[in-house]
Structure formats: structure tokens, C-alpha cells
1. Provide Lys52, Lys42 ordered by accessible surface of protein heavy atoms (probe 1.4 Å), highest first.
2. With a 10 Å radius around each residue's Cβ, average the other Cβ atoms per peptide and rank 264-273, 3-12, 195-204, 59-68, highest first.
3. May I ask you to give the solvent-accessible area per residue for segment 104-162, in square angstrom, as obtained with a 1.4 angstrom probe?
4. Could you check how much of the accessible area of the chain is carbon and sulfur, as a whole percent, using a 1.4 Å probe?
5. Given segment 1-78, what whole percent of its Cα pairs are spread farther than 22 Å?
6. Mind putting a number on the dipole of segment 182-312 about its Cα centre? Charges go on the C-beta only, +1 for Lys and Arg and -1 for Asp and Glu, and I need it in Debye to the nearest 20.
7. Run the dipole for the chain about the Cα centre, Lys and Arg Cβ at +1, Asp and Glu Cβ at -1, nothing else charged, and hand back the magnitude in debye, nearest 20.
8. How many angstrom separate the Cα center of segment 231-308 from the Cα center of segment 1-53?
Amino acid sequence: MSRGPVVVVGAANLDLISYVPRLPTAGETLHGSSFQMGYGGKGANQAVMAAKLGSAVEMVAKLGTDVFGDGTHDNFRAQGVDTTHVHRTDAAFSGVAPIAVDPHGANAIIIVTGANDLLSVDEIEQARPSIAAAGVVVCQLEIPLEVTAAALRIAREEGVSTILNPAPAREQLPDELYLHADILCPNEPETSLLTGGPVETLEQATEQAQLLRERGTAAVVLTLGERGCLVVDDHGATALPSEDVEVVDTTGAGDAFVGSLAHFLAGGADLRDAAGRASRIAAISVTGRGTQSSFPHAADLPPELLAPTASD
Ligand code: RIB
């Protein structure tokens, strides 16, 4: 993976987080204990995570011309994320995500993607020079599929490595997404939905990851929640356990992982080293409330976690 900026092509949402005694059931009105508003969206979260670790980051996204869009734009700037390719539209509201979090840190998320749906293939083409100069391009599935596909295709044409985080979960992905993603980074439910198989044991997870690789992606980094992650590529399967932490809020933990993975890979780390470090940072993120607000800055992390690798 060549060194260069992290370019994230994806969604930005305004997260409206309610802390509740348990996740509500259909038809139920539930008292929450507290509320927090924050900047979210899987793409935006991953971009901010990489920036907090010190990467140069460029975001390709679309926001509404509303107060949430203004705030999100300002937040990108405040976090050091380049907004050259952050577009605005008055044809839709900015993406929003009402989120409920229970006392165990588990969540339920609704996304209303709004302006994110209007990011176009043309706008990805406009970002081609940034994509061509990237160390790694990172995509998810919160914007139109053809736009994600265009970003991955352009990166491949320009010889730039890609990470696809197939979230939110879908049952099927177009073949070209597997073919143009160098690293597929799903969690357990996303993996099961894509393959139809179980991921309860490491053996099962390895089998399902191999099935995904057979569809065209060179490497799979499967995140396993509190169990850490599993890297499966041509070198075999390696489980990288996570540390035990006190879980407060798991919202955005997958994004903390993917953003950190992109940061370390763009910095020249090998895949297993990058995944192990990303796992530790994702574990730290679940000990705090909110999405981006729970992501640690480089200055808050133990130096050895950020130290250059032997290949640097
Ligand atoms: O992965 C967490 C994110 O999912 C939240 O920030 C929310 O906006 C949704 O996109």
C-alpha cells in the first residue's frame, strides 16, 4: 500500500443519540435517560478517526444546505479533514441518524440518508486526482451503490488500494465491488448476511471470509466485536484478539476500526499489524459515549500503539 492521504468516499449524518434502559420494541414509547447530538455517518466517522490519528484525510460526500450540513462541514474542518470534495445540495436535507443505546452499550440505528443519496458518479470523477494521489481509498454502503462502485473502480484504474466496509449490511453486493475492493472489512452480521453462513466460531468465520475472498477481494478483515478481528488473505488466517474493556457505547466502533486501519495502512504498516492496532483503538472507542466523540486522538494513545513499524 503506497503512502499518501486517506480518501474517504461516503456518508455524513447528524447522530441523535438517546440512552435508554433497553432497546424499544414495536409500538412502544420509552423514557430515555439522556440525549447527545454528534457528528456521524460511517464515512465521516472513518475520515475523522484517521484524521485524529494524524493522517492527511480528504472526504468525498454530500451535505444539505441546512444547519446540520453547516455543522458537519465545520466539524470536518475542525478535525482537519479536507472538504474540497464535500458538496452541498438544497434538494435534500442532510443525513440524520436517530440512535438508541442500551446500558450494555448495544445500539439500534435508523439512517435517513437524505443528501447522501444525491452524491453522484460525476462528483466521484471530479475527485479522481485526489483518489489517484491517495494512499488508500475507503468506502462503505451508505451512499448509492453505483457511486461506491465508481470510487472503487477509479481507485483500481489509478492503482490505489481500497478498503470496502460493507455497512450497513446487505444480502448481496454487485460483483464489481468484490473485484475492486482490495480489503473487505465486514462485521459478523454483515458477513453472515453476505454469505448466508454462521460466524460464531473462528473456524466458521474463517470459512465465511474465504467465501468472500472467492468473490474477488484479496483480503478480508472480519471484525468480531469484543473478540477482536480476523485477517484472512493469501498468507492464511490470523485471529487478533482484543483487550477486555468496560463497554459504554459501541456506536461507531466499526468506524473507529476502519478509520484506524486506513490510517495505519496509508502509513505503510502491513495488514496484520494495522488490523491489530485498529482493534485496540476500536476497543478504546467503546469506553466512551457517542460516535466521533468517543474516538481517541493520537495524543491520548500509548506511544507504542502509534510507533512506526519495522518496515517504516
Ligand atoms: O456506524 C455508526 C454510524 O452509523 C452512525 O454515526 C450513524 O450516523 C450511522 O451512519
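1. The residues order as Lys42, Lys52, largest area first.
2. 3-12, 59-68, 264-273, 195-204
3. 36 Å²
4. 52 percent
5. Pairs farther apart than 22 Å: 39 percent.
6. So the dipole magnitude of segment 182-312 works out to roughly 200 debye.
7. Around 360 debye, computed over the chain.
8. 16 Å
The values are calculated or read from the model by the stated rules, or taken from the named source; none is laboratory data. All figures in this text were calculated on a predicted structure; none of them were measured in a lab. Every residue, glycine as well, gets a Cβ built from its backbone with ideal geometry; the counts of neighbours run over all protein chains shown. Areas reflect the complete protein model, heavy atoms only, side chains present, ligands, DNA and RNA absent. Shrake-Rupley method; radii C 1.70, N 1.55, O 1.52, S 1.80 Å.
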